[in-house]
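A.B. asks: Structure below; questions to follow.
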Amino acid sequence: MNTPAAPRTGKIPYSLIFIAALAAGLGLWLGQSTFSGPALPALKTLQRLDAPRPMPAFALKTTDGSLIDPARLQGHYTLVFLGFTHCPDICPTTLAELAKAEKLWQDLPEAQRPRILFVSVDPERDTPELIARYATYFSPSILSGTADVPALTQMASAMSMVFAKAPTANGDYSIDHTSWVAVLDPQVRVAGFIRPPLDPAAISADLHSLIKAH
């Protein structure tokens, strides 16, 4: 299968992502902790919030005309990553690492397996069909979708994520966006975050531990 088309834009200005994400997430990191204590599993890479945080209502359009909403994600841990199909580096790298982790949790019963959700924050260029082709290149089971910018902004904010259109020298644009992965629990609440660099084996081990303890 051919790889996704190379982007026309240059590298993402990570300094802007860092500044925006730091401002948006300052309170988040202060209230965040890793699992600890006798009743909780020791985790390798996932950093958990002190208390899960409810998500607002959301509805992502998909290629088959259905919607991805909280009801559809109920009952599974979901790893959420924001990106766009013209992304030159962060997006393909992150999706490739998450797909590797997914292969490592295939021993879990299907009803318990975590899900990966790729959300495009570039609805101007990314149709549901394009997003699905891009995401399923990495894994056929990755969920994907998008919405209008106000809805995406609300969803991103609930996960302490940010994104913004960034004009490029050739008159096109790129999208600056948060690089970490949000983890939603089976009740579709923000439970924690996985920050890069991603370690597929550690991610899979943590999800195994969470599911066993759930």
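What follows is calculated from the coordinates using simple rules that are stated; it is not laboratory data. Quick caveat: nothing in here was measured; it's all calculated off a predicted structure. Neighbour counts are summed over all protein chains in view; Cβ atoms, including those assigned to glycine, are modelled from backbone coordinates with ideal geometry.
A.B. asks: Using a Förster distance of 45 angstrom, determine the FRET efficiency expected from the C-beta separation of Gln74 and Asn170, and round it to 0.05. Intermediate results must be reported in sequence, preceding the final value.
C.D. replies: On the way: r = 44 Å, r/R0 = 0.97.
Approximately 0.55, to the nearest 0.05.
A.B. asks: Next question, about the same structure. Once the piece of chain linking Ala57 and Ala158 is laid out straight, how much longer is it, given 0.36 nm per residue of separation minus the C-alpha distance between them? Write out the running numbers ahead of the final one.
C.D. replies: Working: separation 101, 0.36 × 101 = 36.36 nm, distance 1.03 nm.
The span from Ala57 to Ala158 would gain 35.3 nm if fully extended.
A.B. asks: Highest first, please rank the peptides 106-112, 126-132 by the mean number of other Cβ atoms sitting within 10 Å of their residues. Don't skip to the end; give the middle numbers.
C.D. replies: Values: 106-112: 10.1, 126-132: 19.1.
Ranking, from highest mean packing down: 126-132, 106-112.
A.B. asks: Related question: Provide the packing ranking of 197-205, 148-156, i.e. peptides ordered by the mean count of other C-beta atoms within 10 Å per residue, highest first. Please list the in-between numbers first.
C.D. replies: Working: 197-205: 17.8, 148-156: 15.9.
The most tightly packed comes first, giving 197-205, 148-156.
A.B. asks: Right, something else. About its Cα centre, how strong a charge dipole does segment 66-205 have in debye, to the nearest 20, once Lys and Arg get +1 and Asp and Glu get -1 at the Cβ?
C.D. replies: Details: 10 positive and 15 negative charges, 51 e Å.
Charge dipole of segment 66-205: 240 debye, to the nearest 20.
A.B. asks: Please give the peptides 184-192, 133-141 ranked by average Cβ packing (other Cβ atoms within 10 Å per residue), highest first, as a rough proxy for protection.
C.D. replies: Working: 184-192: 19.7, 133-141: 17.9.
Put in order of decreasing packing, that is 184-192, 133-141.
A.B. asks: Report, for segment 72-179, the % of DSSP beta bridges that are antiparallel, rounded to 5. Walk me through the intermediate numbers first.
C.D. replies: On the way: 5 of 14 bridges.
Roughly 35 percent of the beta bridges in segment 72-179 run antiparallel, per DSSP.
A.B. asks: Based on C-alpha coordinates, I'd like the Rg and Dmax of segment 14-213, in Å.
C.D. replies: 16.1, 56
A.B. asks: How would segment 145-214 be classified by its alpha-carbon gyration tensor: rounded, prolate or oblate, with rounded meaning a/c under 1.5 and the a/b versus b/c comparison settling the rest?
C.D. replies: The shape class here is oblate.
A.B. asks: Return a whole-number percent for the relative contact order of segment 14-213, with Cα pairs under 8 Å and 6 or more residues apart as the contact set.
C.D. replies: Working: 360 pairs, mean separation 65.8, N = 200.
Reported relative contact order: 33 percent.
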